[in-house]
Amino acid sequence: MSLEKFFNPKSVCIIGASREKNKIGYTILKNFVDGFKGKIYPVNPKAKKILGLKCYKSVSEIKNKVDLGVVCVPAKIVPFVLEECGKKKIKNVIIITAGFKEVGNFKLENEIKKIIKKYKIRIIGPNCIGVYTPDTGVDTIFNPKSRLGRPKTGSIGFISQSGAIMLIILDWMSLKNYKISKAISYGNATDVDESDLIEYLSKDKKTKVICLYVEGLKDGKKFLKIAKKVRKPIIALKGGKTKGGASSAKTHTGSIAGKSEILQGAFKQANIIEVQDLEELFDLARILSEQPLPKGKRVQIITDGGGFGVLTSDWIEEKGLEIAKLSNKNIRKLRKMIPPHATTKGMIDLTGDATSDMYELSVKLAVEDKNVDMIALILLPQLPGIKEDVVDKILKIKSKKPIVIISTGGKFTEKLKRKLEENRMPCFTSPMRGVEALKALYEYSRF
């Protein structure tokens, strides 16, 4: 059965919609009122209207077809609500409510399983944040937008077993102006699990890279079978690696955290890139979704700060890449513009006399040069010769080679980086992060 209605429904009912602003049912309903273009049906037996919409006492009162149900009622009422959804022929339901196997209430969770099997319903949850799809307005996040930002539409798909991880990521992505195609917190995975969601995103035209936070796999064989078929990058962060972490995972989502060694083996078999923290996960997601794959591992360093260039050189060799050397022909072209004391052997160091025009020519020559596969562009814009137009000069260069920007500084630097990020040019604060991203891009190109 298709998962499409979770992300692109024409109608939705919010079961447990509330008039009280501090309630989950109010925030979720307001999300849909603010951004959803389809029909919205609030369900609350004690209200006639909420946010200007007619309220229904029960799901059965709704006369029209409903594609998606969002459940945020107390746990003990969930089976009754699911029965109503089944009779109404609502085939896709998101259960936000907690209080099931994650707290040892297996009896209640088993009731849910029987009902969804009886009516052939697909559910995400329970005990989850649910779905955020910016281009369709599906937003079941129960944190107000004034407190938690929502990223704009992009090409990174994010799957998280943990709701808290998903919330932090979305807020952080919004702040950094990173973009997302779809985000899903699936909680206890009573029905729809990480494998189903990976399979869906692998076929989603708007998703170029799949990111996964997982504490334990529901079905290891199923996961491996599906992941092996995916022809998009999958980047995974595993929680519950230690004994303490595994114990926490069990009480968090009711998940049995698998042994790290076994999961690492499964990741390798399926060409999944495993990362160690959330920052690394999105470093790699951004470059894999925004930059072309390289033909080799030679990296041309362009810098206006020698120390940063040296650190980048160290990381390039540390990660098994190579420092590119511009051809003599292009070095001669570059020498006509840059200062006589600038370095062109290996890394190109434009020195403190760098200008926006020097950067433009350096990048253009590196893009054209057959000796260069990738470009690490270190931009320290605090120098007097660097103007704001350096961003436009870099962006207008059409490149079939990957380029990463390594840039560190204060408000002025962050202003330029934001514009670069908005135009799909990934920026990194440290040489280590930038080079690790290039290494991941090179390794994926060999898959």
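Take the residues in segment 63-74 that are outside any loop (DSSP other than H, G, I, E, B) and in contact with a Phe, Trp or Tyr (Cβ under 9 Å, 6 or more places away or on another chain), then tell me which one is surrounded by the fewest Cβ atoms within 10 Å (Cβ to Cβ). Steps first, please.
Keep residues of segment 63-74 that are outside any loop (DSSP other than H, G, I, E, B), which gives 68-71.
Keeping just the survivors that are in contact with a Phe, Trp or Tyr (Cβ under 9 Å, 6 or more places away or on another chain) gives 68, 70.
Values: LEU68: 26, VAL70: 29.
Result: LEU68.
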Inset, instruction - Give just the number: which of (1) assigned to a helix (DSSP H, G or I); (2) within 19 Å of LYS87 (Cα to Cα) does ASP34 not satisfy? - result: (2)
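Quick one: in segment 170-191, of everything that is crowded, with 24+ Cβ neighbours inside 10 Å and of a type outside the set (S, T, N, Q), which residue is nearest to ASN110 (Cα to Cα)? Steps first, please.
The initial filter retains those residues of segment 170-191 that are crowded, with 24+ Cβ neighbours inside 10 Å, namely 170, 180-189.
So of that shortlist, the ones also of a type outside the set (S, T, N, Q) come out as 170, 180, 182-184, 186-187, 189.
Working: LEU170: 32, ILE180: 34, LYS182: 29, ALA183: 27, ILE184: 23, TYR186: 17, GLY187: 15, ALA189: 12 Å.
Here the answer is ALA189.
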Inset, instruction - Considering every residue within segment 136-143, establish whether at least one is crowded, with 18+ Cβ neighbours inside 10 Å and touching an Asp or Glu at 6+ places or on another chain (Cβ under 7 Å). - result: no
Legend entry - Lone unmet requirement of (1) of a type in the set (Asp, Glu); (2) within 30 Å of the chain's Cα centre (by Cα); (3) at pLDDT 95 or above for GLU84: (2)
Inset, instruction - Please enumerate the residues belonging to segment 293-320 that are surrounded by fewer than 23 Cβ atoms within 10 Å (Cβ to Cβ), in contact with a helix residue (DSSP H, G or I) (Cβ under 8 Å, 6 or more places away or on another chain) and among the aliphatic types (A, V, I, L, M). - result: LEU293, LEU311
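Is it the case, given these coordinates, that ILE62 is outside the structural domain of ILE198 (by TED's automatic domain parsing), closer than 16 Å to ILE94 by Cα and touching a residue at least 40 places away in the same chain (Cβ under 8 Å)?
Numbers: outside the structural domain of ILE198 (by TED's automatic domain parsing): yes; closer than 16 Å to ILE94 by Cα: no; touching a residue at least 40 places away in the same chain (Cβ under 8 Å): yes.
Taking the combined requirement at face value, the residue does not satisfy it.
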Legend entry - Matching entry among ILE123, ILE141 (being of a type in the set (A, V, I, L, M, F, W, C), over 15 Å from the mean Cα position of the chain (by Cα) and assigned by TED's automatic domain parsing to the domain that holds ILE90): ILE123
Inset, instruction - Take segment 37-54 and flag every residue that is in contact with a strand residue (DSSP E or B) (Cβ under 8 Å, 6 or more places away or on another chain), at negative phi and not in a strand (DSSP E or B). - result: GLY38, ASN44, LYS48
Legend entry - Residues of segment 75-126 that turn out to be touching a strand residue (DSSP E or B) at 6+ places or on another chain (Cβ under 8 Å) and loosely packed, with under 13 Cβ neighbours inside 10 Å, as a count: 0
Inset, instruction - Would you mind stating whether LYS179 is in the same structural domain as LEU263 (by TED's automatic domain parsing), within 18 Å of GLU279 (Cα to Cα) and basic (Lys, Arg)? - result: yes
Inset, instruction - Identify the residue in segment 120-151 that is modelled with pLDDT of 95 or more and of a type in the set (Lys, Arg) and, among all such residues, is nearest to LYS176 (Cα to Cα). - result: ARG150
Legend entry - Subset of segment 384-424 that is of a type in the set (A, V, I, L, M) and not in a helix (DSSP H, G or I) - its residue that is nearest to PHE308 (Cα to Cα): ILE406
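The values are calculated or read from the model by the stated rules, or taken from the named source; none is laboratory data. None of these values were measured; they are calculated from a predicted model. Because the Cβ atoms are built from the backbone with ideal geometry, glycine has one as well, and the counts that use them run over all protein chains shown.
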